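Read through the structure below, which is laid out as structure tokens, and then see the notes.
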Amino acid sequence: MRADVAGLSFRGRTASIGFARGPFVRISASQNSVRVAGEPEDEVLALREAIESASEQIAELAAAAGGEAAQILEFQVALLEDEDFIDPIFATIGEGAAADKAWASALDEQIADYNAASDEYLQARSADLADLRDRVLRILRGGEKHAPKIAGGAVVCAEDLPPSRFLEIDWSPGGGLALLRGSPTSHVAMLARARGIPMVVQLGALPDAATALLDGESATLELDPGAEQITLFERRREAHRKSRASARAILRRPAATWRGERIRLLINIQRVEDLDHADAQYADGIGLMRTEFLLSAPGGMPDEETQYRAYDEVLRWADKKPVTIRTFDAGGDKPVAGFTPEGEANPFLGLRGLRLCLARPDLFKVQLRALARAAVRGNLKVMFPMVTVPAELEAARALFAEAVADLQAQGIATMLPELGIMVEVPAAAMAIGDFKASFFSIGSNDLAQYVLACDRSNGALGTLMDPLHPAVLELIVRTAEHGRRSGAPVSLCGDMASEPRCVPQLLYCGLRELSVNAPSLAQIKQTIDRLSRGGSGG
Ligand code: PEP
Ligand code: MG
């Protein structure tokens, strides 16, 4: 939405607070439509070029990733160079097939073969193949030929961005994200908040520009700004820095309500590196580790050892503090090639979270083994996402017990950790008393999505998608009350816990444990501090 024509200012909605000033870089994130087939010789050439570009992209990724990840990527490059595999595809194209169709069906066949293998290693390779299939298809269907090279600290602009593309961008020099569409409740927004990357969504059509100022607090984007705009922007940035500094001053104090009841504030992480955030050390523990982001590493499905090392590192960091690790929540808007089903009409209502893991016990068991081994190393709790009925929890418990027994038979130190569930499907919240879980964690992002019938990543539904809707709050109260009566701890780990405006209501609903994004910890503590001293909290 254009806010000021002369100054080229645009206003959208805040998805992640913060400020970015730098080059304005536009990238495309679409998978693009099906290709219209040209003459066979043109199609052969198109596929040859796409394969070449894909090899270059993979080489770039391997060089950046290094070590084990680079070795895994070599598998993809080797396949692209394997004439026995590639030549029959060119032959099919010679007979009149479109390049993208011929490529996709050859890869789909291979993926099915790998999936059917009894060897776990071969099965895991199917994710690499799916990644390769999608990369070449993206190029063939008009996507970028090279992995986007983003200048340090750039304001990256896209129509919308899936989480996998966000993770491909190197954010270490800073920068920000400006989306023409998008939503503050999408997973990519959640990733941006966790990493402290400013992000503004729903900006509408934007012209090209050389430089930009992105203000995640006032949800504005200024293109090719003049000197005065830059001065005002830097003033706002400085004011934001000061207010954050004053919030950080209370980080060391424990949070409590006006009646002196202790409030535990934990943090959400998606990867071990998120613990590097300066405020993370002041958290009471880790309330949610979203493990599905381990699946976006270049090598595809991580093996037991890789997963064990990641969980162990988090537990070592936490020392004696509690760490709640959530099993893979793939599916919905977090598709994982080779793992999540393709072509579902309603992925949010489909095979995602625990449903998918129970349908793929081979892959799930690898994660459960890694978690059972990590459980002896610290204060670990494990929870399952997208649980609808108690039978799912019991099936997961039985698989976990099997994994523990197998490990014990091998003489490997292991234990069954406490098991809990995410409360994010309305049916689970309504029948909460039926679940024999050791603890509950309310996933308000999905709970609101399903209660309000609003796709959480659809920006057009912005105002309807309100987690403070009385129907959502009623289910939160119900879950908190069940926890109080049964003695099972209840926390909330959805994004509303990181929003100061929601915190008074959450405490009023009876919650005393919240899990927030590390960059929001100081502000949420400050909000609770003000509330306990009789202020408005905002
Ligand atoms: C939620 O749904 O609130 C949640 C914490 O899980 P995710 O955002 O990963 O779906
Ligand atoms: Mg969820």
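The values are calculated or read from the model by the stated rules, or taken from the named source; none is laboratory data. Every value quoted in this text rests on a predicted model; they were computed, and no experiment measured them. Note that we place each Cβ from the backbone using ideal geometry, even for glycine, and neighbour counts take in every protein chain shown. Surface areas here come from the heavy atoms of the whole protein model, side chains and all, with no ligands, DNA or RNA. Shrake-Rupley method; radii C 1.70, N 1.55, O 1.52, S 1.80 Å.
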Between Ser486 and Glu109, take the C-beta separation as r, use R0 = 45 Å, and let me know the FRET efficiency to the nearest 0.05.
0.35
Over the chain, what is the relative contact order in percent, taking alpha-carbon pairs closer than 8 angstrom and at least six residues apart?
16
In whole Å, what are the Cα extents of segment 369-418 along the three principal axes, biggest one first?
35, 22, 13
Virtual spin-label span in nm between Val389 and Ala278, 7 Å along Cα→Cβ:
5.1
Glu344 to Thr463: FRET efficiency via 1/(1 + (r/R0)^6), r the Cβ-Cβ distance, R0 22 Å, to the nearest 0.05?
0.20
Taking 7 Å along the Cα-to-C-beta vector as the label spot, tell me the Leu232-Ala427 distance in nanometres, rounded to one decimal.
5.3
If you roll a 1.4 Å probe over the chain with all protein chains in place, what percent of the accessible area is carbon or sulfur?
53
Quick one: accessible area per residue over segment 286-444, 1.4 Å probe, rounded to a whole number of Å²?
35
Show me the ranking of peptides 47-54, 460-467 by mean Cβ neighbours inside 10 Å, starting with the highest.
47-54, 460-467
Can you list the equivalent-ellipsoid semi-axes of segment 434-511, largest first and in whole Å, using the square root of 5 times each Cα gyration tensor eigenvalue?
23, 13, 10
Kirkwood Rh in Å, taken over segment 244-534 so that all alpha-carbon pairs contribute:
19.4
For the chain, what are the per-bin percents of Cα-Cα distances with bins 20 Å wide, up to the bin holding the maximum?
21, 54, 24, 2
